[in-house]
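I have placed the structure first, in the form of structure tokens, so that the comments after it can refer back to it.
The values are calculated or read from the model by the stated rules, or taken from the named source; none is laboratory data. A quick note: this is a predicted structure, and the numbers were derived from the prediction, not measured. Backbone-built Cβ (ideal geometry, glycine too); neighbour counts: all protein chains shown. Just so you know, the surface numbers come from the protein's heavy atoms only, side chains and all, with ligands and any DNA or RNA stripped out. Shrake-Rupley method; radii C 1.70, N 1.55, O 1.52, S 1.80 Å.
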Amino acid sequence: GSRIKQIGEVTMTTADRLTMTLGEAMFTQRAIRRLKPDPIPDEIMRDIMESAIRAPNGGNTQQWHFIVVKNAETRKQLGELYHEAWWAKRKDQGIMGPEDIPPGKNSTRSAMRLANEFGDSPVMILICALNKGGSGGIIPSAQNLLLAARAYGIGGTIATLHAVVDERVKKLLNIPETAEIVYCMPLGYPRGEFGSVNRKPLEEVCGMDRWDNPYK
């Protein structure tokens, strides 16, 4: 079970310490790509990971493995590999360099900044499926992880790698060849604020009984 700590006469579990309401966590959670280098305390990281492994999964077979990367040199190397992977994905889209990205505030430019700064993240989490093709069964764990992080004022975003770096990342972190790296997530305290998120109205993105019948 989740780690239990004694505080005076009170026994607290990970669940007890996650006191932010679920509504506040979900309605203020956003992708955080600008992170402070400040370290995340070990006890908080453990609570976050205890939350990740509580996620529902098919048949409770738990076909996942997580790697918490904190070592400075490993983070530096992983940051370089992420940068290479990010640009490999852009080249697949016909974007060959920063000059091909429109100027101003946009999600691609924000993601490029993350690629440049990825190695400075104080913690990186790799979420892996034990077998290739098993990514669907671990998606809930990623959201559990991000919601628990939000409860502690810690941000992150779901990021992926690219086939061009896959073997080198597996070698760096001793990941078995049979496993699939699904997500590579940076975590840290945000250089900015959480807050209400802007989303399209529900009726634009949700249908009732069929695609084109707006949800009422």
query: Within the group Lys200, Lys216, which residue is exposed (fewer than 10 other Cβ atoms within 10 Å of the Cβ), part of a loop (DSSP other than H, G, I, E, B) and in contact (Cβ under 8 Å) with a residue 12 or more places away in the chain?
result: Lys216
statement: The correct count of residues that are within 14 Å of Leu78 (Cβ to Cβ) and assigned to a loop (DSSP other than H, G, I, E, B) in region 172-188 is 2
query: Looking at this structure, is Arg113 open to solvent by 20 Å² or more (accessible area, probe 1.4 Å), closer than 25 Å to Arg30 by Cβ, at pLDDT 85 or above and of a type outside the set (Asp, Glu)?
result: no
message: Can you tell me which condition Lys170 does not meet? The list is (1) without any contact (Cβ under 8 Å) to a residue 40 or more places away in the chain; (2) touching a Gly at 6+ places or on another chain (Cβ under 6 Å); (3) open to solvent by less than 20 Å² (accessible area, probe 1.4 Å), and all the others hold.
response: (2)
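Matching residues to (1) of a type in the set (A, V, I, L, M, F, W, C); (2) touching a strand residue (DSSP E or B) at 6+ places or on another chain (Cβ under 7 Å):
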{"site": "Tyr152", "(1), (2)": "no, no"}
{"site": "Gly156", "(1), (2)": "no, yes"}
{"site": "Leu172", "(1), (2)": "yes, no"}
{"site": "Met185", "(1), (2)": "yes, yes"}
{"site": "Gly188", "(1), (2)": "no, yes"}
{"site": "Arg199", "(1), (2)": "no, no"}
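Residue-wise test of (1) closer than 19 Å to Ala149 by Cα; (2) in contact with a helix residue (DSSP H, G or I) (Cβ under 6 Å, 6 or more places away or on another chain); (3) in contact (Cβ under 8 Å) with a residue 24 or more places away in the chain; (4) open to solvent by less than 50 Å² (accessible area, probe 1.4 Å).
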position: Arg33; (1), (2), (3), (4): yes, yes, yes, no
position: Ile40; (1), (2), (3), (4): yes, no, yes, yes
position: Glu50; (1), (2), (3), (4): yes, yes, yes, yes
position: Phe66; (1), (2), (3), (4): yes, no, yes, yes
position: Tyr82; (1), (2), (3), (4): no, yes, yes, yes
position: Trp86; (1), (2), (3), (4): no, yes, yes, yes
position: Arg90; (1), (2), (3), (4): no, no, no, yes
position: Gln93; (1), (2), (3), (4): no, no, no, no
- request: Could you check how many residues of region 68-80 are loosely packed, with under 15 Cβ neighbours inside 10 Å and either closer than 18 Å to Ala129 by Cβ or of a type in the set (Lys, Arg) (or both)?
  value: 2
message: Considering only residues that are modelled with pLDDT under 95 and of a type in the set (Val, Ile, Thr), which ones fall in region 179-199?
response: Val197
- request: Can you confirm whether region 145-163 contains a residue that is farther than 18 Å from Arg33 by Cα, assigned to a helix (DSSP H, G or I) and open to solvent by less than 20 Å² (accessible area, probe 1.4 Å)?
  value: no
- request: Name every residue in region 162-211 that is of a type in the set (A, V, I, L, M) and within 17 Å of Ser121 (Cβ to Cβ), in order of residue number.
  value: Val165, Val169, Leu172, Leu173, Ile181, Met185, Leu187
